Amino acid sequence: MSVGQRSAGAGRPTGKSTGATGTGPASKGAGLKKIVAASMVGTVVEWYEFFLYATAATLVFGKYFFPPTGNDLDGIIQAFLTYAVGFVARPLGGIVFGQIGDRLGRKPTLQLTIVIVGVSTFLMGCLPGFADLGYWAPAMLVALRFIQGFALGGEWGGAVLLVAEHSPNKSRAFWSSWPQAAVPVGNLLATLVLFIMSTTLSSAAFLGWGWRVAFWLSAVIVFVGYYIRTHVTEAPIFLEAKALVEKEQAIRYGVGEVIRKYPKGILQAMGLRFAENIMYYLVVSFSIVYLKSVHKYDTSSLLLALLIAHVIHFVVIPQVGRLADSWGRKPVYLIGAISGATWPFFAFPMFDTKNPVVIVAAVTIGLCLHAFMYAGQPAIMTELFPTRMRYSGVSLGSQVTSIFAGSLAPLLATQWLKDTGSWLPTAIYLVVACAITAVVVLTLKETRGVALEDVDNADAVRHGLPIGARA
C-alpha cells in the first residue's frame, strides 16, 4: 500500500494525488525545464570541482604533495587519504545546510554552497608542493578539501529537491534524474580539461603547473552557476510547509526532528547509497589506478576512455529515470544492485587485455549499471521524508554513507592491490556492498507516482500535526 493510499485511508484530503506537486507556472513546461537547468548547472560546477580532485589525486597529488617512497602506490594512497577527508566533511555539511535548507529554503542554501566550493577549489590550484613547504603543503590541501566536502554535503540534497518538489508525480524520477546526470557532466569537464593539458604539455609541465589551470577555471564557471541559481523559485509545497512551521511553533523541522521521527528512512537512504557510492568510485577512480600501476597505461588514453564513458553515462541516466517512473522504483534499483555485483568479474579481465576499445567498454558498462541505482535515487529519497524535514533527511542519509563507502572504496582497493597484487578482494568487496543495498531495497515501499502532499498528510496524521498541515 502506497503512502498516498495510507493517508487517504486516514481521512485526509488527497485531491492533488494525480497532478503535479507544484501548482505554479514553474511546475510545468518551460518553467520546470528552467528549474532543472538551474539545478544541473550548479551541480555540474560543484561536481566538476569535486571530481577534479579525484582525478588529480590519482595523476598528480601523490607525486606533488607527498614525499617520494620509491613506490608510486604509496603516494596515491596518501592522496586518497586526503581525498577521503572531503567525504568525512560531507555529513557535517549535510547537517548544517540541511537545517538551513529546511528553514530558509533550497535556493539560498544552494547559492551559498556553490560559492564555498568554488573558492576552496580555486585555492587548491594555488598551493605550493611538498618540495616547497614540506608537510605544510598536504596540511593546507587537507584543510581546503575539508571545506570543499563540507559545502558539497549540502549541495546534492538541495539540487535534487529543487527539481523533485516541482516535478509532476507521474514523472518525478525522470525529472529528478537530470541533476544526477549533471554529475557525469561535471566529471566529464574535469576529465576533459586534464586531458587537454596532459596531451598539450610535457609531463614535467603538466606536473609543474598544467594541472593548476583546471582548478583555476572553477572561478569562471562558479559565477555562471551562481547567476543561474538566482533566477529560480522555491516549490509551492515547500513555501506552504515553511509558512506553516513559522505559524505553528509546535511543528518542528530539521536534523534533530528527522533523526527522532524518521530513523528508518535515514537508514534506508544510507543503504541505497552504499553500493552505488562504492561502485562509482571503483569505476572512475580505482580503474585508473589499476591500469596505470599494473599495466602502465598511458594517462591521456585513460582520460579519453573516461571521457567517452561519462558521455554515455549522461545519456543513460535520464532514460533509467523514465524506467523508474514506469516500472517502479524498487525493480529498477534491484537491477542495478544485482548487475553491479557482476561488474568487476568481467571488467578487470577486460582491463588486462590492454585493448583501448575493450577498456572503454568495461568502464562504460560499469557506469551504465551504476545508473540503474543512481537515476531513481533522488525520487526515492524525496518520497521517504515529509517536506518539513526533507532536506535534512535526504542530505544526512546520503552524505553519512559517503564516509564509509565512496571515501574508502578507492583507498581500500588500492591497498589490497598493493598487498595482494590482485583485483579479487575488490570484487568481493563490491559483491558484499551490492548485497547490502539489495536487502535495503526490498524493505522499501513502492512509491511510484505518490504525491508529496500525501507524504506530508501521512506525516501529519502520524504525529498529530494541525488539520490541513502539509508539514
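The values are calculated or read from the model by the stated rules, or taken from the named source; none is laboratory data. Note that the structure is a prediction, hence the values are computed from the model and not measured. Please note: Cβ atoms are built from the backbone with ideal geometry, for glycine as well, and neighbour counts cover all protein chains shown.
Descriptive notes on the structure:
- Residues in the range 264-291 that are under 17 Å from C368 (Cβ atoms) and either modelled with pLDDT under 90 or small (G, A, S) (or both): A275, Y281, V284, S287.
- All conditions but one from (1) touching a Leu at 6+ places or on another chain (Cβ under 9 Å); (2) within 19 Å of A438 (Cβ to Cβ); (3) touching a residue at least 12 places away in the same chain (Cβ under 8 Å); (4) not aromatic (F, W, Y) apply to H310; the one that does not is (2).
- Only one entry of L201, L189 meets the criterion of being touching a Phe, Trp or Tyr at 6+ places or on another chain (Cβ under 7 Å) and either over 25 Å from M389 (Cβ atoms) or of a type outside the set (G, A, S) (or both), and that entry is L189.
- All conditions in (1) of a type in the set (A, V, I, L, M, F, W, C); (2) part of a helix (DSSP H, G or I); (3) farther than 19 Å from A275 by Cα hold for A413, with the sole exception of (3).
- Residues located in the range 169-220, provided they are among the hydroxyl-bearing types (S, T, Y) and either surrounded by 23 or more Cβ atoms within 10 Å (Cβ to Cβ) or part of a helix (DSSP H, G or I) (or both): S171, S176, S177, T191, S198, T199, T200, S203, S218
- Scanning the range 362-370 turns up no residue that is within 30 Å of D102 (Cα to Cα), polar (S, T, N, Q) and part of a helix (DSSP H, G or I).
- Some residue of the range 129-145 being out of contact with any Pro (no Cβ under 6 Å at 6 or more places or on another chain), closer than 24 Å to A182 by Cβ and of a type in the set (G, A, S): no
- Selection from the range 269-291 of residues that are in contact with a Ser or Thr (Cβ under 7 Å, 6 or more places away or on another chain) and farther than 19 Å from G340 by Cα: V289
- Any pair with Cβ under 8 angstrom, 6 or more apart, that starts in the range 106-117 at a residue that is more than 8 Å from E155 (Cα to Cα) and in a helix (DSSP H, G or I) and ends at one that is at pLDDT 85 or above and among the small types (G, A, S): L112/A151; I116/A151; V117/A151
- The set of residues in the range 287-307 that are in contact (Cβ under 8 Å) with a residue 60 or more places away in the chain and among the aliphatic types (A, V, I, L, M) comprises I288, V289, L291, V294, L303, L304, L306, L307.
- Some residue of the range 319-327 being within 30 Å of V193 (Cα to Cα), touching a residue at least 60 places away in the same chain (Cβ under 8 Å), under 19 Å from the mean Cα position of the chain (by Cα) and in a helix (DSSP H, G or I): yes
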